[in-house]
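In what follows, a single structure is set out as structure tokens and then discussed.
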Amino acid sequence: MSEKVSVIIPAYNAEQYIKECIESLFKQSYKNLEIVVVNDGSTDGTKAILDEYEKSEKIVKVLHTENRGVSCARNAGLNIATGSYIVFLDADDYLVQNAVEILLSDAEKYNAGIVAGLMRAGVSDQPITLDDSHVEVWSDLGALEKSLEDNEFTYSSCGKLFKREVLENVRFVDGRRIHEDSYFVFCAFLKRPTVVARNVYIYNYRVNESSASHAAFSDKYFDILYFAQEKYKTIEENYPHLLDKAKNMLVKSNIAMLQCLLNTNEKKYKRDIKNSICEVKKYKRYFLPTYPGDKKRFVIVTHNLYGVFKFLYRLKYTKRINKA
């Protein structure tokens, strides 16, 4: 294996973790790497740290931009990356020591355009051992169907290796901040590449307290429904035989939206709550439970229990805040 792999890291106010992130790449068993770090207008010490790396390490390429968000930063990295393969890594995360080697080996063995590993809350960067029982291979529209079914290998742009040509004309949507990477992966799947799903953890992430499950609600979470509708329109126009699974995706997206709406009591969102509940009920017969919590959330919404659940959730949240 001699192909260059470009690792793209968007960084915004990442001084606390950016060194650990980059050092995880220096530890990789596969050495032909190009590390592309896009400093997205950081106001802390990120720029100074990256400048030192760029001076001392030829494999680190740094681009400083004004703050425009993670999608623009990733796109900027894609535009200057020169590797035959692309990996995305967030600035507060890190890879196990043989992650790139594993992904690239599968790409070459199976002639795959995308190889996906699993992600978990950071535990260890130690190398892992493998055998072929850990592998699924999806061809043609297989990966696209898996994404509509809500398969965990199809969520994030991170934890994956992309062949460069698969990403030709595929970019992150500027101005959107939630589910933007799942839509990016969806667009890559539209190219019908062979996709390898490697059932091992190769990517470690830190739990972010500002994530959708923790943060106060804001209008940015409507991106969840925006991207769901964009995916649905694409399937409707090009692959109508997959519409049933696309309707499952709509159900899951509206349930995810309702989960985010638990974090607000503002009256202006009452209509949005009603609309999402109606969407779930409209397409409920297409629902495909994937994970343990899916059925519980589905039953709460379809059995008119969301209001009660929201009341109890907010009560518990208020008590927690008052105790703090």
(request) Please find, among VAL137, VAL166, VAL96, the residue that is over 16 Å from the mean Cα position of the chain (by Cα), over 28 Å from LEU243 (Cβ atoms) and among the hydrophobic types (A, V, I, L, M, F, W, C). (result) VAL96
(message) Of the conditions (1) surrounded by 16 or more Cβ atoms within 10 Å (Cβ to Cβ); (2) in contact with a Ser or Thr (Cβ under 6 Å, 6 or more places away or on another chain); (3) closer than 26 Å to ILE18 by Cβ, ASP174 satisfies every one except a single condition; which number is it?
(response) (1)
(request) Would you please list the contacts, defined by Cβ atoms under 8 Å and residues six or more apart or on different chains, that run from a residue in region 16-35 that is more than 22 Å from ILE80 (Cα to Cα) to a residue that is among the basic types (Lys, Arg) and in a loop (DSSP other than H, G, I, E, B)? (result) TYR17/ARG206
(message) Given the criterion open to solvent by 20 Å² or more (accessible area, probe 1.4 Å), more than 30 Å from LYS4 (Cα to Cα), at pLDDT 95 or above and not charged (D, E, K, R), identify the matching residue among HIS241, HIS214.
(response) HIS241
(request) Hey, can you tell me all the residues within region 20-43 that are assigned to a loop (DSSP other than H, G, I, E, B) and either touching a helix residue (DSSP H, G or I) at 6+ places or on another chain (Cβ under 6 Å) or open to solvent by 50 Å² or more (accessible area, probe 1.4 Å) (or both)? (result) LYS27, GLN28, SER29, TYR30, LYS31, ASN32, THR43
(request) Specify which of the listed residues (VAL87, VAL100) is in a helix (DSSP H, G or I) and either at pLDDT 95 or above or surrounded by 19 or more Cβ atoms within 10 Å (Cβ to Cβ) (or both). (result) VAL100
(message) Looking for something out of contact with any Asp or Glu (no Cβ under 9 Å at 6 or more places or on another chain), closer than 25 Å to ALA143 by Cβ, aliphatic (A, V, I, L, M) and buried (at least 17 other Cβ atoms within 10 Å of the Cβ) - is there at least one such residue anywhere in region 256-264?
(response) yes
(request) May I ask you to list the residues in region 50-81 that are touching a helix residue (DSSP H, G or I) at 6+ places or on another chain (Cβ under 9 Å), more than 22 Å from LYS31 (Cα to Cα) and among the aliphatic types (A, V, I, L, M)? (result) VAL70
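The values are calculated or read from the model by the stated rules, or taken from the named source; none is laboratory data. Computed from a predicted structure; not experimentally measured. In this analysis, Cβ positions are derived from the backbone assuming ideal geometry, glycine residues included, and neighbour counts consider all displayed protein chains. Heads up: the accessible areas ignore ligands, DNA and RNA and are worked out on the full protein's heavy atoms, side chains in. Shrake-Rupley method; radii C 1.70, N 1.55, O 1.52, S 1.80 Å.
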